[in-house]
Amino acid sequence: MHSYRPAPVLEALGVCSEDEQLYRALLARPEATTTELTGLTGWPAARVTRHLRSLLSLGLASRTPGRPARYTPAVPEAAVELLALRRQAAIVEARLGASVLTAEFRAATESGPFTVIRGAEAIAQRYQQAQQVARTEVVVLGMPAGLPVESRRSTGVEYRVVYDLGALADPAQLAAARSGGTSCRMLRDVPLKLVVADRRTGLLQSGPDVMVELGPSSLLDGLLRLFELLWQQATPLSFEPSDGPLSADDQQLLALAAAGLTDQAIARRLGVAQRTVERRMQRILKALDATTRFQAGLRAGQRGLLNQGVSPSP
C-alpha cells in the first residue's frame, strides 16, 4: 500500500519536489538529525545530506550548533516570501539583461548578417512564413502588434506565448488569447516583442513597422534564454478542465489575481461586479485551503489547474 504524499506547492518558486519533501519532514520534526531524517524519509544518508545542503542554500533550514548536527526548518510564511522575492529579483535581472541584449543587437546589426524587414504587410507575410515552416516549436514574447498566433498542434508544432498584461485590455482580447489553442502565460511589462521558430529563426520587432530577422547566433541564444526565464516567471493564462473544486471561470480569476491585478481591475477585465470578484475569491481560497491569494495560486498551479487551455465560457 502506497503512503500518501501531499502535492508539492513550492516548485513554482524553484524548490524541487525532493527538497520540499525533506522540508516537510523537518516541519514535522524540528531539530532533527541526519539520522532521524533518514528514518523519516526512508532515503539513504547521502541523499538526505545532499538535500539538506540544498535547503540550507535556499534559506528553508538552518543548522543548530553542537553535535550531532540538528536542523531547524524556516517558518513557512517567511520562507515563501523570501523565495518569492528571489523570483521577483530574477525578473528584474532578466529585464536588465534585455537592455544588454538590445545593445548587442544594435551593435551586431551594424556589421552582422541580419535582415531588416520594413512595412506591416511584409512583416505579416514573413511572420506567417516562419510559422508555416516551423517543425517543432514556436515561442512568442510580447506578441508583436497585429500578428496573430496560428496554432499548429495538429502537425506537432508546439506554441508557447508570453503576453504582456497590457495587451489583454478587455474581455474580448482575453477570451481570444485563451481560445487560441496555445500554451499562454502573461507577465507585466514584457521587455521585448519576439518570435522564434525552431530555435533557429528569430523575428525581433525593433520599431513601428520594423522587424529584424535573426539567424543562429549568440544573440539569438541570449534571447531564447531570456524567453525561458520570463516563461518561468509568467502566470499561466489558460486553463484545463479539472476534477478539482474550481470552475474554468474561477481559475481565470485566480490567474489574473496572481498576475497582480486588483479586484476592481479583475472585475473590469471579466465584465462583472467587484463584489462578485470578492465573493468568488473567498470561495477559491476556501476550496484550496489557502489563506492568501499567493498561496492559492501556488496550490492551484501545483495541482495542474493552471496548465493547459480550454475555451472560455460564453
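Bear in mind that the values in this text are calculations on the coordinates, not laboratory data. No experiment lies behind these values; they were computed from the predicted model shown. For neighbour counting, all protein chains shown are included, and Cβ atoms are generated from backbone atoms with ideal geometry for every residue, glycine included.
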Handout entry: Sequence-distant residues sharing a close amide H with I117 (under 5 Å, placed H)
Key = M211, V212, E213
Handout entry: Projected label distance in nm at E77 and S206, using a 7 Å step from Cα toward the beta-carbon
Key = 5.1 nm
Fill in the blank from the handout: Under the 7 Å Cα-to-Cβ spin-label approximation, E228 and A90 lie apart by a distance in nanometres of 1.2 nm
